[in-house]
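What follows is a short report on a single structure.
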Amino acid sequence: MFLVTAADPSFNTARLERMLVMSHDSGARPVVVLNKIDLCDNLDARLAEATSAAGDTLVLPVCALTGRGMKKLAALIKPGDTVAFIGTSGVGKSSLINQLCGEDIQATVEVREQDAKGRHTTSWREMIFLPKGGVVIDTPGMREFHLWGAESTRETFPEIDALALRCHFTNCAHTKEKNCAVLAALVDGTLPRERYDSFIKLQGEIGYLREAEKRAGWQDRRKSDRVAHRVFNKRG
């Protein structure tokens, strides 16, 4: 799964972390594709941001316009592989696919200069067979990215997962527990505050959505029971 984000002002670390959580949870192998590097004034800084958010996931800087980095991107798609491109509108998913195909088979438009936002040029999912083997799937740009069905953030935050092994409590929430290795790393500065805050936020959201799913299931069961009860009474 190629998680496409632009190196321009639309870059958003929190959104990238959310995409990584869902990608890891799906069982797919994610790759962060940092596109439009020609529009970045400080590529080293932007690449550092993306790499920090990606954890152990590969981050590949590319430019669909100039072709920079495209050979490395193409090399990641082997014959028999299927790769889905996901990301928001305007990050250049269709342009990247056109580069991989060697021809303009997907429609593209320019993003707005004032806010670097794009319009939806892909409005459906499409499977495309590449000339050298492999299959890519172009998807519509996402406006929102919720974590429904997510189970864990372990692979998205590998440094926190490694620290958690040294916590005194096996079920440590890393918020206020004593002898918490994660909190200790936060205090001594070895764990950046931004990464910790993102981890806690996403963990909280996953927990909330999991409870919401349980409540919805409980309500569905109650409704089914009431329907069954009415049917039984009518027959009786």
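All of the numbers you see were taken from the coordinates with simple rules; none came from a lab. All values reported here derive from a predicted model rather than from experimental measurement. Glycine gets a Cβ as well: all are built from the backbone with ideal geometry, and neighbour counts include every protein chain shown.
May I ask you to derive the FRET efficiency for residue 52 and residue 74 from their Cβ-Cβ distance with R0 = 45 Å, giving the value to the nearest 0.05?
0.95
Work out, step by step, the length gained on full extension between residue 177 and residue 162: first 0.36 nm times the residue separation, then minus their alpha carbon distance; give nm to one decimal.
Taking 0.36 nm per residue and subtracting the Cα distance, the gain is 3.7 nm.
Given the peptides 63-71, 171-179, arrange them by the average over their residues of other C-beta atoms within 10 Å, most packed first.
63-71, 171-179
Using modelled amide H (1.01 Å from N, peptide plane; none on Pro or chain starts), what sits under 5 Å from the amide H of residue 83, excluding residues fewer than 5 places away?
135, 136, 137
What is the distance in Å between the Cα centres of segment 151-194 and segment 73-87?
33 Å
Any of 78/201; 93/201; 93/214; 72/132; 36/72; 36/71 with alpha carbons more than 25 Å apart? Name them for me.
78/201; 93/201; 93/214
Tell me the label-point distance for the pair residue 197, residue 41, using the 7 Å Cα-to-Cβ offset, in nm and rounded to one decimal.
2.2 nm
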